[in-house]
Every structure is written in structure tokens, then in C-alpha cells.
Amino acid sequence: MQTLSNGLQVLLVPTPSQVATFNITYRIGSRNEGLCQTGDAHILEHMLFAGSKRYNGANGMWRLEEMGAILNATTYMDRTNFFEVIASHLLPECIAREAGRLSAPILQAARLAKEMTVVRNEYERGRNNPYGRMHSRMMNVAFLEHPYRHSTIGYLSDIENVTIESLQAFHSKYYTADKATVVVTGKFDHNKVLHSIRS
């Protein structure tokens, strides 16, 4: 693993496979949320699939699926993770789009309104799951004041009142290169991939 000048940690793991994985993990999660901001980290994860100023619309994140990629993301208490599994020769497409949503994401109120349906659905699914309810109550008891006490999905009252300004501020504060680790696996040219990440 090496640390770049901007603090980004990079681990390149060449393998014989023609299928590559690009994984970026930010060391941020629901523990970083402030009062009345529960769920912000998770909602922001959803929002970042809108892409960036350079890569958006038909050429945004979901363009990677048209190239044959599988992509997804997860958020938890201490981390938010984005990944793409794609043909090795298409790694630069992933790198460019991930760099875009780190530096210049599209965070607009109209997009937030669309994502709220999905987020509320996930919230309700958790509320209807016995394990989810048990885990939430257990964390409430175990952590009286620490941010771990609230679930990553957040409280419904906070979710329904989230603002685009709050999400923009969260991204600006926490989505920085020095809080991220990139892991790349697959058959690729080490120097070319590292150059793409540095660019």
C-alpha cells in the first residue's frame, strides 16, 4: 500500500483475471453525523450515483453497467464503500467516474426528492425486519451518547427533513482523498493504473 501526496491510500493487487474490481472506501459513516442529521451518510451514498459535473446523465455512473460492470455501494457506522467489477481494460472508466463524484458530485434538490422514495423504502424494510429492530434497540442501550447509538439508516424525522445543503456540507467536510482507500484487483498495468488514479 502507498499513500499519495493528497493522502489517498492505494493498494494495487494484480491477478491473472481479466475481470477487475475497483473499490474505494471512505472512512466515514453514520458516526460522523451531527444532531438531527441521522441518515445523512446513507442518503449521500445514494445521491452520489447521480454522477459528477463531468460524468452525468447517459455518461454517468450507470454508463458503467452498459459497459458490463456491476456496481454498488454500502454505508455503515465507520465507512462508506463504493465498488465496480468490470473488464480490466475498462478500469480507467471507473477511476475517472469515482474521481468525479469525489471532487465535483451532482448534489441537487431534485435528485434528493427522487432518492427519498428509495431511502424511505429501505427504512421501512428495516423496521419490518425483527433483526433490524433488535439491533437498533441493542445499540440504543449499548451506546447512550456515542453516535453508534443510532442506526445507519437514521431516524425517520431526520430522513424526511434532510436538506440538500446539509448533504453538500457533509460531502465537502468528509469526502476528501485523505479519508479514502482505493483497492484495485485484476489484470492491469501497475504504472498505468497508478497514473490514472494520480490524475
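The values are calculated or read from the model by the stated rules, or taken from the named source; none is laboratory data. Please read these numbers as outputs of a predicted model, since none were measured by experiment. No Cβ is skipped: glycine too gets one built from the backbone with ideal geometry, and neighbour counts run over all protein chains shown. Just the protein is used for accessible areas: all its heavy atoms, side chains included, with ligands, DNA and RNA removed. Shrake-Rupley method; radii C 1.70, N 1.55, O 1.52, S 1.80 Å.
May I ask you to list the residues in the stretch 148-199 that are of a type in the set (A, V, I, L, M) and within 30 Å of ALA110 (Cβ to Cβ)?
Of the stretch 148-199, the ones of a type in the set (A, V, I, L, M) are 153, 156, 159, 162, 164, 167, 169, 177, 180, 182-184, 193-194, 197.
Answer for the stretch 148-199, where residues must be of a type in the set (A, V, I, L, M) and within 30 Å of ALA110 (Cβ to Cβ): ILE153, LEU156, ILE159, VAL162, ILE164, LEU167, ALA169, ALA177, ALA180.
Would you check if THR3 is at pLDDT 95 or above, open to solvent by 20 Å² or more (accessible area, probe 1.4 Å) and over 24 Å from HIS135 (Cβ atoms)?
Numbers: at pLDDT 95 or above: yes; open to solvent by 20 Å² or more (accessible area, probe 1.4 Å): yes; over 24 Å from HIS135 (Cβ atoms): yes.
Criteria met by THR3.
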Inset, instruction - Give the stretch 165-184 a look and list any residue that's open to solvent by 20 Å² or more (accessible area, probe 1.4 Å), within 17 Å of GLU45 (Cβ to Cβ), of a type outside the set (D, E, K, R) and in contact (Cβ under 8 Å) with a residue 12 or more places away in the chain, or say none. - result: SER166, GLN168, TYR174, THR176, THR181
Legend entry - Matching residues in the stretch 134-151 - criterion: being in a helix (DSSP H, G or I) and either under 16 Å from THR38 (Cα atoms) or of a type in the set (S, T, N, Q) (or both): SER136, ARG137, MET139, ASN140, PRO147, TYR148, ARG149
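Closer than 15 Å to ARG97 by Cα and outside any loop (DSSP other than H, G, I, E, B) - does that describe any residue in the stretch 27-38? Walk me through how you get there before you give the answer.
First, the residues of the stretch 27-38 that are closer than 15 Å to ARG97 by Cα: none.
For the stretch 27-38, residues closer than 15 Å to ARG97 by Cα and outside any loop (DSSP other than H, G, I, E, B): absent.
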Inset, instruction - Please enumerate the residues belonging to the stretch 39-52 that are buried (at least 23 other Cβ atoms within 10 Å of the Cβ) and in a loop (DSSP other than H, G, I, E, B). - result: GLY39
Inset, instruction - Can you work out which of the residues in the stretch 69-88 that are open to solvent by 60 Å² or more (accessible area, probe 1.4 Å) and free of Cβ contacts under 8 Å to residues at least 24 places away in the same chain is farthest from the chain's Cα centre (by Cα)? - result: ILE70
Inset, instruction - Answer with yes or no whether ILE153 is farther than 30 Å from THR21 by Cβ, open to solvent by less than 80 Å² (accessible area, probe 1.4 Å) and in contact (Cβ under 8 Å) with a residue 24 or more places away in the chain. - result: no
Inset, instruction - Considering (1) in contact (Cβ under 8 Å) with a residue 24 or more places away in the chain; (2) in a helix (DSSP H, G or I), say which one TYR131 fails and leave the rest. - result: (1)
